[in-house]
Every structure is written in C-alpha cells, then in structure tokens.
Amino acid sequence: MFTAYATVPQGYTVHSAATPMSFPAGEAHLKVEGSPAETPLYFYLTGADANEYITAAMWIDYAHQGGHKVQALIPYLPGARQDRGTPFGAKVYANLINAMNADEVVCFDPHSPVMPALVRNLRVVDSSAVIAQLLRNKAGEYAGVICPDAGAKERTARTAAALGLPLYSAEKHRDFATGKLSGFTCEELPEEGRFLVVDDICDGGGTFMGLAAATGLGPDRLDLWVSHGVFSGKAAQLRQAYGSIYTTDSHPGAANPDVAAYITPLISHLI
Ligand SMILES: O=P(O)(O)OC[C@H]1O[C@@H](O)[C@H](O)[C@@H]1O
C-alpha cells in the first residue's frame, strides 16, 4: 500500500494532494493539477506490489520538480530474502528502489545484510527498540527470548538485551541435498515462565510451528514477534501454538484475520 504525506501552510502533516491515478493504457500517473500548496515529506510503502513502486517513483519526481527532498519509508524490503542465487532478486529490487531516486530510504529489520548493502542512501531501523516499547509493561512476564535459528542470532541478542531477558537458542536443520527443512531443535528451557520467539519474517508459518513443537511448550507459554507478517498459506495454524502474535503493518498480510496478530504501526518509528 502506498500513502504519501506532506505539510500544508497551516503546519499540519496531511496526505499528499498529489493522488495516484492510472491512464487507460495502464501507466501510473499522479493527479497534481489544482493541488493546494504543500511541502512533500515522505511516503510509506508496504508490501511488494511493483505497480506501487512506479507510483512512488512518480511521487518522488513530483516532489523533486517542486524542489523538495523526500524520504521513501519502505519497512519491508521486497526481495531481501532473495539474497543469493539466480536471478539475484535482492539486487533487482535494490536497483528498482535506487532508480526511484529518493533522498533517503528507510527500512525496518531487513532479512540479511545483503540487500541493505545494495540500496543507496539507506537507513536501517532495528526492531529491538520497537519490541521493547511495545512490551514495556509485559517484559517482566517473560522468562526469556528464543532465537529460532543461527541467522537470527544478532537480532534476538539485541532484543533480549533491550528487554533485559536471557536468550535461548533453537536450530533449523536443512537437508543439504534437497534444501528442505528436516527438523528443529531447541536448547533446554527453564521449567516455568513465558518465552518470546523473535524473527524477521513469518511467511507460511512452518518455521514457527516446527519451533513451537521443538520447545515442547504450548500457547500458554509461547508468544511470537515477527517484524514482517506476511501470514500466507497455513499461517492461521500459529494460533494453536502461540498465545500472542505480534507484528507490524509493514506488509498487507499482517492483517490476516485468521492469524489475529497485534499490529504495531511503524511509520512514527521510521521518520
Ligand atoms: O516458515 P515461514 O513462516 O514460511 O518463513 C519464515 C522464515 O523464513 C525466513 O526467511 C525467515 O527469516 C523466517 O525464519
């Protein structure tokens, strides 16, 4: 979803008066004629709809033609998981974002360091401060943070430190021949208390169902934070394994009603 913001002479921040439209042949455009005087500030772009990226590029061009610098707030970096192989999706999406020519790009908790290194003028916002703010009154209810796999070590260590909790580690095992997940293990956990599993993305939820089974804990002792709730496929089954599921509004999938996650709006954390 694409939403652009601007300030008006009265000093308020409002939705930009330059509104997206498309020509009959399908090209993106903006209706700017008759727009009141405004100073374009930033846009908030969630999900991975490539057409919205073209609209965003149009809006940046509109702002630049008026002599204004603008931020591209893109919490979910599309292609960040395609950080190797052929085609090299992270690079293709990074090129698309670079071509938009934003004066600053801001993303939230990217999947790996690969794509951030390819995007120009990028500022990365970490998830730990957002999680700590969200759970400020609940941190005392937890006995620890669980790291789901080796790739999430740094993220979960920062979160555990921000919440003042110990960190416990789990592992995802992959069959090298097929690339398929072959199982999960989790280090021994204390016998009492709730645990918060922390990761970047929940897609179909398989990782988190497998992990929950490996802990031997039920929803009365397990909660889940994922920075980007895609919640595709069988993600609704997470309800059987986790008490509370927390995510952000970085992807439209976060609103999947069958997952019923608590959604933290991110925009104020990015500007
Ligand atoms: O198991 P699902 O939810 O499909 O995928 C989520 C996992 O896939 C990885 O990219 C994420 O970092 C996360 O660990």
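The values are calculated or read from the model by the stated rules, or taken from the named source; none is laboratory data. The shown structure was predicted, so the numbers you read here are calculated from the model rather than taken from an experiment. Cβ coordinates were reconstructed from backbone atoms using ideal geometry, including for glycine residues, and neighbour counts include every protein chain displayed.
A few remarks follow.
- Residues that are of a type in the set (G, A, S), within 12 Å of the ligand (Cβ to nearest atom) and touching a Leu at 6+ places or on another chain (Cβ under 8 Å) within segment 151-174 comprise just one, A170.
- For segment 66-99, the candidate set comprises residues that are away from the ligand (no atom under 16 Å from the Cβ) and surrounded by 23 or more Cβ atoms within 10 Å (Cβ to Cβ); within that set, the residue that is farthest from V226 (Cα to Cα) is V70.
- Segment 175-201 - residue that is modelled with pLDDT under 95 and within 13 Å of the ligand (Cβ to nearest atom) and, of those, farthest from D220 (Cα to Cα): G179
- Leading residue by the ranking (surrounded by the most Cβ atoms within 10 Å (Cβ to Cβ)) among those in segment 100-126 that are closer than 18 Å to A50 by Cα and within 15 Å of the chain's Cα centre (by Cα): M115
- Residue within segment 223-235 that is of a type in the set (A, V, I, L, M), free of Cβ contacts under 8 Å to residues at least 60 places away in the same chain, within 15 Å of the ligand (Cβ to nearest atom) and surrounded by fewer than 22 Cβ atoms within 10 Å (Cβ to Cβ) present: no
- Any hit, segment 147-155, residues being out of contact with any strand residue (DSSP E or B) (no Cβ under 9 Å at 6 or more places or on another chain) and aliphatic (A, V, I, L, M): no
- Residue within segment 182-190 that is of a type outside the set (A, V, I, L, M, F, W, C) and closer than 22 Å to G229 by Cβ present: no
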